[in-house]
Every structure is written in C-alpha cells, then in structure tokens.
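The values are calculated or read from the model by the stated rules, or taken from the named source; none is laboratory data. The structure presented is a predicted model; accordingly, all values stated were derived computationally and were not measured. All Cβ positions, even for glycine, are placed from backbone atoms using ideal geometry, and neighbour counts span all protein chains on display.
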Amino acid sequence: MGNNIKHKILSGVFWKFLERAMAQLVSMLVAIVLARLLNPGDYGTIALVTIFITIANVFVTDGFGSSLIQKKDADNVDFSTVFYFNIVFCLFLYSIVFWVAPFVASFYEKPILTPVLRVLAIKILISSLNSVQHAYVARNMLFKRFFYSTLIGTIISAFVGIWMAYHRFGVWALVAQELTNCTIDMIVLWFTVKWRPSLNFSVYRLKELFDYGWKLLVQSLLNNIYGNLRNLIIGKVYSSEDLAYYTKGSYYPNLIIANIDTALNSALFPAMSHEQEDVARVKLIARRSLSMCSYVLSPVLVGFAVTAPTIVNLVLTAKWLPIVPFIKIFCASLMLRPALTAMLQAVKAVGNSNLVLKYDIPLRIIGICLIIVTVKFGTIYIALGEVVVEIVGLFLYSIACKKSIDYSLFEVLKDVIPNILGAIIMGIIVYFVGLYFYSIPNVICLLIQIFAGVVSYIGISLLTKNENFMQVLKIINKR
C-alpha cells in the first residue's frame with residue numbers, strides 16, 4: 001500500500017473516529033441525562049417520528065453523494081448541479097411529509113405526532129444545504145472539518161435539549177436537540193469548507209451521476225426502510241414503552257459501532273475510489289482495515305454485553321433494565337458489521353453498485369419475512385431476527401466482494417474470527433470476575449471488570465501474536 005494513500009486512510013480514520021467519539025460521548029451523556037428527566041413514552045414518540053425523517057433523508061444524503069465521491073473527474077459543475085437539485089427536491093419531500101403527518105398520527109392514534117413530524121421534518125431542508133459539503137469533504141478526505149462542525153453542533157444542542165427537558169417540554173426537548181444539532185453542523189461546515197456552488201447546472205451531468213448513484217440510493221432506501229420497519233411495527237403492535245426499550249437497547253451498541261465503523265466507512269470509500277483501477281490495492285486496503293476494525297470493536301462489544309446489567313442500573317437507573325436483553329442481542333449482531341462495511345465499500349469503490357443492489361434486495365426480503373414471523377412472539381424475537389440477517393448478509397456480500405476484488409468469504413472469516421474468539425475468551429473472564437466481586441458496590445465492580453478485560457485481551461493478543469496488536473505497538477513506538 002502506497003505511503004500517501006496509507007497516510008490518507010489513517011488520517012481519515014483518525015479524524016472521523018475522533019469526530020464520532022467526541023460527538024457520541026457528548027450524545028451519550030445527554031442521552032443519560034434526558035433518560036433520567038424524560039419517560040420512555042417520550043422516547044417512543046420521537047422514535048416513530050425519526051423513522052420517517054430518516055427515510056426521507058436518504059434521498060438527500062445517499063446516491064448523489066456517493067456518485068460525487070466515486071467519480072474520478074468530478075468538478076464544480078457536478079457539485080453545483082447536485083446542490084441545486086437537492087434544494088428543489090428537498091422542498092418537494094418536505095411538502096409530502098407535511099401533508100402525510102396527520103395520517104401518520106391517526107394511524108398510531110397519537111395526535112402529537114402531527115406537529116412533531118412537521119417541525120422535525122425541517123431537518124430535511126437543512127440537509128439539502130450541507131449534503132454536497134459532506135460529499136466534498138469526504139471526497140478530499142478533509143475529515144478534520146467534520147470534527148469541528150459535529151463537535152460544536154453536538155455541544156450546543158446538548159445544552160438546548162437538557163434545558164428544555166428540565167423545564168418539562170417533554171418530547172419537544174428531543175425535537176429541539178435534533179434541529180439545533182443539524183443546524184449548527186450546517187453553519188460551521190459552511191464556513192470551514194471553502195467550496196461554494198457556482199451558477200452552473202447540467203442535466204447531462206445529473207443523469208451521469210444518477211446512473212451510478214440510483215442503485216446505491218435504492219439500496220440505502222431499502223436498508224433504511226427495512227431497518228426502521230421493526231420500529232414501525234413495534235410502535236403499532238406494542239406500546240410506546242416497548243418501542244422505547246427496543247430502540248434504547250439498540251442505541252447503545254450502535255453507539256459503539258458508529259464510532260469506529262462510521263470512521264472506517266467514511267475513510268475507506270474515498271480511499272478505495274482513488275485506487276479503483278488497482279483491484280489488488282483495493283483488496284489490501286479492505287483486508288487490513290477490516291482486520292484492525294474487528295480487533296478493536298470485538299472486545300468492546302463483548303465487554304459491553306457482559307457488563308450491561310451493571311452499567312444500565314448504575315447509569316440509567318432501574319427503570320431502564322428491560323433494555324439489557326436487547327443490548328446483548330445487538331452486541332452479538334454487530335460483531336460482523338466491520339466485515340459487511342469493508343466489503344460493501346470495496347464493491348462500491350470499484351464501480352459495481354449494481355452488485356450492491358442485486359444482493360441487498362434478497363437480504364431485505366429475508367429480513368422482512370423474519371419480522372413477519374417473529375412479531376407475534378414479542379420484541380425480543382424481533383431483535384433476534386437481526387442476528388440472522390447479519391449472518392446472511394455476510395454470505396451475500398461476500399459473493400459480491402469475491403466477484404469485484406477477489407476477496408472470498410474464507411479470507412474474510414480468516415481476518416475476523418481470531419479477533420472474535422479472543423474477545424469471547426476475554427468476555428468469559430470478565431463475566432466470572434463480575435460474579436466473584438458481585439457483593440461489592442457496582443462502580444468498583446465495573447472498574448475491576450474493565451481492568452480485567454483490558455489485561456486479559458492484551459494477554460491473549462500477546463499469546464496468539466495477533467498482527468493487529470503488533471501493528472498498534474509499532475504505531476505507539478513510532479509516536
């Protein structure tokens with residue numbers, strides 16, 4: 001791997017990880033405070049509304065953004081064309097959401113959903129202004145810009161959300177926090193990124209970008225609809241509290257995965273796109289990145305699953321203990337996510353967006369069938385279905401990856417299995433340490449478990465001579 005592209009990947013992952021870590025740290029602290037101030041019903045309401053906004057946002061943030069990053073000779077005409085198109089299209093999307101809001105509220109028998117959905121949908125309009133900025137930053141791997149915009153927006157929105165929750169604004173505290181966050185992010189990014197739209201619009205360029213991006217747009221749309229379908233069904237079949245427990249139980253494991261996986265995702269795609277003509281180089285980038293990401297994520301997910309009861313009781317209080325089973329299930333489900341991410345970015349980078357869509361459609365069909373089968377048994381079984389989907393996704397994406405860069409399922413498993421096994425052994429040690437110190441205060445017990453986990457995982461890495469651990473040691477020695 002060339003030194004230049006290696007430096008760009010490491011720098012990109014570092015700044016994107018730092019951005020995600022800082023943002024998620026603040027978000028987690030805010031979520032803890034809000035969870036203490038608000039009731040599960042408020043979270044259930046906002047979870048329903050967020051589904052529709054997330055799906056609408058897919059049209060803005062995916063497809064054309066990926067096309068701008070992947071296209072080797074993209075210029076200001078391409079960026080300006082997408083910028084103006086997004087503004088017009090987002091106005092159209094907002095009008096649709098505004099119109100359907102009363103029908104959504106009637107379907108779920110929650111009148112408050114109408115004003116909440118209409119106000120929160122303003123986020124779609126804000127996204128139209130900074131989506132191209134995001135693509136520009138990602139294409140040029142200027143991830144330090146994301147760090148500043150995200151951090152400032154997260155901190156300011158945290159104060160807004162907590163203040164409103166403390167003064168009993170209920171669900172509107174969550175709405176205000178969301179809108180403030182994306183607004184500040186847009187403003188800071190606009191002033192820190194030098195790109196500005198020119199007075200150019202090309203229908204031909206738009207069509208050219210659309211020819212590549214529509215497949216990724218459909219794939220992302222299906223992925224988001226499918227990902228939120230569970231919440232839609234739980235919100236209708238079960239109570240708002242059940243939906244809150246489910247979404248909160250998935251939120252914290254995804255909080256962990258978002259930091260590293262999002263950093264990997266954001267840095268890999270532009271880096272691989274620059275090397276798309278050298279398939280062997282793309283494969284090497286994918287393998288090294290996947291292995292390192294899995295090495296870091298696996299012990300964190302396993303450790304969180306083992307210590308979840310203590311953490312939830314200590315941080316969120318006993319009223320949120322029903323989320324513990326969901327945390328454990330989603331931690332298990334996300335163990336394979338680094339592999340899916342690396343394979344997906346590799347396939348996209350070499351221009352095979354058609355393969356992404358081809359193998360994603362049957363995966364979502366299987367997922368929907370599992371939801372239909374499990375919904376009558378309870379929310380726990382719905383969550384278990386996600387584990388099955390991740391495993392099936394690993395097999396399907398590996399077929400596309402094998403065709404695109406000759407990266408087989410056997411090689412993928414060879415890169416991640418040693419890390420997962422080491423993390424499981426560490427988890428067993430942490431579990432028994434927790435049993436031994438069960439009678440002491442929760443805080444002290446948790447600290448002892450964390451220390452035991454770190455020491456045991458390092459010990460396992462030394463005994464097995466894990467290449468990723470050796471690489472980390474080299475980096476530390478150089479620093």
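Sort through ALA339, ALA308 and tell me the only one that's assigned to a helix (DSSP H, G or I), closer than 19 Å to CYS293 by Cα and either touching a Lys or Arg at 6+ places or on another chain (Cβ under 9 Å) or among the small types (Gly, Ala, Ser) (or both).
ALA339 is the lone residue from the list that is assigned to a helix (DSSP H, G or I), closer than 19 Å to CYS293 by Cα and either touching a Lys or Arg at 6+ places or on another chain (Cβ under 9 Å) or among the small types (Gly, Ala, Ser) (or both).
Go through the stretch 446-466 and give me each residue that's crowded, with 19+ Cβ neighbours inside 10 Å and either in a loop (DSSP other than H, G, I, E, B) or touching a Phe, Trp or Tyr at 6+ places or on another chain (Cβ under 6 Å) (or both).
SER461, ASN466
Against the definition (within 30 Å of LEU221 (Cβ to Cβ) and without any contact (Cβ under 8 Å) to a residue 60 or more places away in the chain), how does LEU355 come out, yes or no?
Yes, satisfied.
Return the residues of the stretch 338-366 that are surrounded by 23 or more Cβ atoms within 10 Å (Cβ to Cβ) and either at pLDDT 85 or above or under 30 Å from THR307 (Cα atoms) (or both); say none if nothing qualifies.
PRO338, ALA339, THR341, ALA342
Of the residues SER294, SER298, only one is part of a helix (DSSP H, G or I), in contact with a Pro (Cβ under 8 Å, 6 or more places away or on another chain) and polar (S, T, N, Q); which?
Criteria check complete, one pass: SER294.
Testing GLY422 on (1) modelled with pLDDT under 90; (2) small (Gly, Ala, Ser); (3) assigned to a helix (DSSP H, G or I), one condition comes back false. Which one is that?
All conditions pass for GLY422, except number (1).
Applying the selection to the stretch 109-151, what residues are farther than 19 Å from ASN76 by Cα, surrounded by fewer than 18 Cβ atoms within 10 Å (Cβ to Cβ) and modelled with pLDDT under 80?
Result: GLU109, LYS144, TYR148.
For the stretch 68-108: of the residues being of a type in the set (D, E, K, R) and outside any helix (DSSP H, G or I), which is modelled with the highest pLDDT?
That would be ASP75.
Would you be able to say whether some residue in the stretch 369-378 is in a helix (DSSP H, G or I), closer than 23 Å to PRO253 by Cα and either among the aromatic types (Phe, Trp, Tyr) or touching a residue at least 12 places away in the same chain (Cβ under 8 Å) (or both)?
So far as the stretch 369-378 goes, yes, one or more of its residues are in a helix (DSSP H, G or I), closer than 23 Å to PRO253 by Cα and either among the aromatic types (Phe, Trp, Tyr) or touching a residue at least 12 places away in the same chain (Cβ under 8 Å) (or both).
Mind counting the residues in the stretch 386-433 that are of a type in the set (Gly, Ala, Ser) and without any contact (Cβ under 8 Å) to a residue 60 or more places away in the chain?
4
Which residues, counting only those in the stretch 371-402, are more than 17 Å from SER333 (Cβ to Cβ) and surrounded by 15 or more Cβ atoms within 10 Å (Cβ to Cβ)?
VAL375, SER398, ILE399, ALA400, CYS401, LYS402, listed by residue number.
Scanning for something of a type in the set (Asp, Glu), surrounded by fewer than 19 Cβ atoms within 10 Å (Cβ to Cβ) and at pLDDT 75 or above, does the stretch 184-193 turn up at least one residue?
no
Quick one: what pairs do we get from the stretch 111-129, first residue touching a residue at least 60 places away in the same chain (Cβ under 8 Å), second among the aromatic types (Phe, Trp, Tyr) and surrounded by fewer than 17 Cβ atoms within 10 Å (Cβ to Cβ), C-beta under 8 Å, 6+ apart or different chains?
Final answer for the pair search is ALA121/PHE98; SER128/PHE89; LEU129/TRP190.
Quick one: would you say ALA176 is within 23 Å of LEU243 (Cα to Cα), modelled with pLDDT of 75 or more and assigned to a helix (DSSP H, G or I)?
Judged against the criteria, ALA176 is a match.
One line per residue, one yes/no per condition, for (1) among the hydrophobic types (A, V, I, L, M, F, W, C); (2) over 25 Å from the mean Cα position of the chain (by Cα); (3) in a helix (DSSP H, G or I); (4) over 30 Å from VAL455 (Cβ atoms):
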site: LEU384; (1), (2), (3), (4): yes, no, yes, yes
site: LEU394; (1), (2), (3), (4): yes, no, yes, yes
site: ALA400; (1), (2), (3), (4): yes, no, yes, yes
site: PRO418; (1), (2), (3), (4): no, no, yes, no
site: MET426; (1), (2), (3), (4): yes, yes, yes, no
site: VAL430; (1), (2), (3), (4): yes, yes, yes, no
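Mind checking which residues of the stretch 434-443 are free of Cβ contacts under 8 Å to residues at least 60 places away in the same chain and of a type in the set (Gly, Ala, Ser)?
SER439
What tally of residues in the stretch 161-182 results from selecting those that are in contact (Cβ under 8 Å) with a residue 40 or more places away in the chain and farther than 18 Å from LEU117 by Cβ?
4
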